[in-house]
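Quick note: the coordinates plus some simple rules give every number you see, no bench work behind them. These figures come from a predicted structure and were not determined experimentally. Cβ coordinates were reconstructed from backbone atoms using ideal geometry, including for glycine residues, and neighbour counts include every protein chain displayed.
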């Protein structure tokens, strides 16, 4: 976006951008994309497999459709290519661990104003005995070093090159 295009809508997009983040984090934590896999299945089936509420799960799935991570046909949901390739645990390109690590950092980011006011860290140090934190961090670093990360960063580089032209 160029400076001449800055609008109140742009500010609202920034302000509400974390909603997409929260939906993605919830879907990864609930393993929605792996549950769906290569199939087309109703939201109730995803909820049952995820041990979650059917209505709330269907609302999340509809949000993921709006985010272009799922497609919906006749009340059945399917993964898009990017979701299948990067968000399903069945894929060698899985990025769920780094997304899980990002989720674990969210609490600190929501307290950024406090850290700036006090000049002190707001994040408590992760326990070395917290298996989930350690797995997400270590496997997330592996994700970032793998082919999926190289693909992501190559795409970002190409997008930036196109913007400069």
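Arranged by the count of other C-beta atoms within 10 angstrom, fewest first, what order do 110, 73, 80 take?
Ranked by crowding around the Cβ, least crowded first: 73, 110, 80.
Taking all Cα pairs closer than 8 Å and separated by 6 or more residues, the relative contact order of segment 1-58 comes to 21 percent.
Between residue 15 and residue 44, the distance separating the two model label sites (each 7 Å from Cα on the Cα→Cβ line) works out to 3.9 nm. Placing a label point 7 Å from the Cα of residue 62 along the Cα-to-Cβ direction, no residue of segment 17-33 has its backbone N under 11 Å from that point. Rg and Dmax over the alpha-carbon atoms of segment 19-137 stand at 16.3, 53 Å. In segment 1-57, one over the average inverse separation of all distinct C-alpha pairs is 13.5 Å, which is the Kirkwood hydrodynamic radius.
Highest-first packing order for the peptide set 45-57, 12-24 is 45-57, 12-24, based on the mean count of other beta carbon atoms within 10 Å.
Going by how many other beta carbons lie within 10 Å of each one, how would you line up 86, 33, 77, fewest first?
86, 77, 33
Give me the base-10 log of I(q)/I(0) for segment 28-98 at each q in 0.13, 0.22, 0.25 Å⁻¹, Debye formula, one uniform scatterer per Cα, rounded to two decimals. The computed values of log10 I(q)/I(0) come out as -0.30, -0.88, -1.13.
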